[in-house]
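The values are calculated or read from the model by the stated rules, or taken from the named source; none is laboratory data. Predicted model, so just to flag it, every value in this text is computed and none were measured. Using ideal geometry, Cβ is built from the backbone for each residue, glycine included, and neighbour counts are taken over all protein chains shown. These accessible areas exclude ligands, DNA and RNA; they are computed on the full protein's heavy atoms, side chains included. Shrake-Rupley method; radii C 1.70, N 1.55, O 1.52, S 1.80 Å.
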Amino acid sequence: MQIKTKALVLSSIRYQEKSLIVKCLTQEVGIQTFFVRNAFSKGKNAQKNAYFQPLTLIEIDFVHKNKGGMEYFKEVKLAHSYQSIFYDFTKNSIAIFLAELLHNLIKERDQDEQFFDFIEAALLWFDTHDDAYNFHLIFLMELTKYLGFYPDTRNKEALYFNCETGTFSTTYDLGCFDNYESTLFRRLLDLKFQHDQKVFKGTERRILLNLLLKYYTQHVAKFKMPNSLEILKEIFTT
């Protein structure tokens, strides 16, 4: 079956001298892995390896064999050419972190257009806004809606957030964030991309990132910490 769809590059691994193995989240058929011949070659038959940087949005045409193996692109072109994500150091560091996180999180996923559309819209917003200090934090929080463990906000004004149950509680239990951590977490729940991004200090962002990753660890089986985490933490030390 021939498929034409948008796709988000999650990872690309060089194979031998001239080829790539590219993992994508597609809008039409979910997670797919592609073998790209001549990605590093010159000439009219070469595929541009710049298309396959993690988090690049592309439009692809391929014959979907649906046999569990790697597919092959018939045609690839950019769906969107980023203006800042790959060129701004802070944004690029955030992008590398999120690409690694998504690659680890969604190893298998069927068609889910709402999930794809959320990621696409978030990245396009990120690319066009300079004040995006909290993008990765809001993105991680919003992503839990699609992964099935968005926090229960029915008792949101309670003092403590229980990381294990995903609920707010009036009593402090072993799985709870402390009062200060819970206050930060509550404030993040209320924050959206379009809101004022200067509501947290750098140290608060670092705390929130640790809290979110702790929350993911509780709710994602065999959750793997991104290798790029330490670089991202260094950006928000102050």
### Task
Could you pull out every one of the lysines with an alpha carbon less than 25 Å from that of residue 145, ignoring same-chain neighbours closer than 8 positions?
6, 23, 91, 107, 156, 192, 198, 214, 222, 224, 233
## Note on the structure
To the nearest 10 degrees, the tilt of helix 135-147 (Cα long axis) against the first principal axis of the alpha carbons of the chain is 80
### Query
Tell me, what is the FRET efficiency for residue 231 and residue 158 to the nearest 0.05, using R0 = 30 angstrom and their Cβ-Cβ distance as r?
0.30
### Task
Keeping all protein chains in position, work out how much accessible area residue 24 exposes to a 1.4 Å probe, and write it in Å² to the nearest 10.
0
### Task
Working with all protein chains in place, sort 160, 216, 150 by solvent-accessible area computed with a 1.4 Å probe, largest first.
150, 160, 216
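Find the Rg to Rh ratio for the chain, where Rh is the Kirkwood radius over alpha-carbon pairs and Rg uses the same atoms.
Values: Rg = 19.3 Å, Rh = 19.2 Å.
Ratio of gyration radius to Kirkwood radius: 1.01.
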### Message
Please report the carbon-and-sulfur percent of the accessible area for the chain; probe 1.4 Å, protein heavy atoms only, DNA, RNA and ligands left out.
### Response
48
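Can you give the FRET efficiency to the nearest 0.05 for residue 13 and residue 107, using r as the Cβ-Cβ distance and R₀ = 22 Å?
Numbers: r = 14 Å, r/R0 = 0.65.
Rounded to the nearest 0.05, the efficiency is 0.95.
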#### Entry: Inter-label distance, nm, simple model (7 Å from Cα along the C-beta direction), residue 190/residue 171
2.7
### Degrees between helix 89-105 axis and first principal axis of the chain (Cα, 0 to 90, nearest 10)
80
### Message
With the crude spin-label approximation of a point 7 Å out along Cα→Cβ, what separation in nm comes out for residue 220 versus residue 88?
### Response
2.4
### Query
With every protein chain present, what is the per residue accessible area of the chain (1.4 Å probe, Å²)?
52
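Quote to one decimal, in nm, the extra length available between residue 28 and residue 142 on full extension: 0.36 nm per residue of separation minus the C-alpha distance between them.
Numbers: separation 114, 0.36 × 114 = 41.04 nm, distance 2.16 nm.
Length gained between residue 28 and residue 142: 38.9 nm.
Restrict the search to the range 67-147; then list the GluC sites (Glu not before Pro) that DSSP places in a loop and that have at most 16 other Cβ atoms within 10 Å of their Cβ. Mind dumping the intermediate values first?
Working: sites: 71, 75, 100, 108, 113, 120, 142; in loops: 108.
Of the GluC sites (Glu not before Pro), the ones in loops of the range 67-147 whose Cβ has at most 16 other Cβ atoms within 10 Å are 108.
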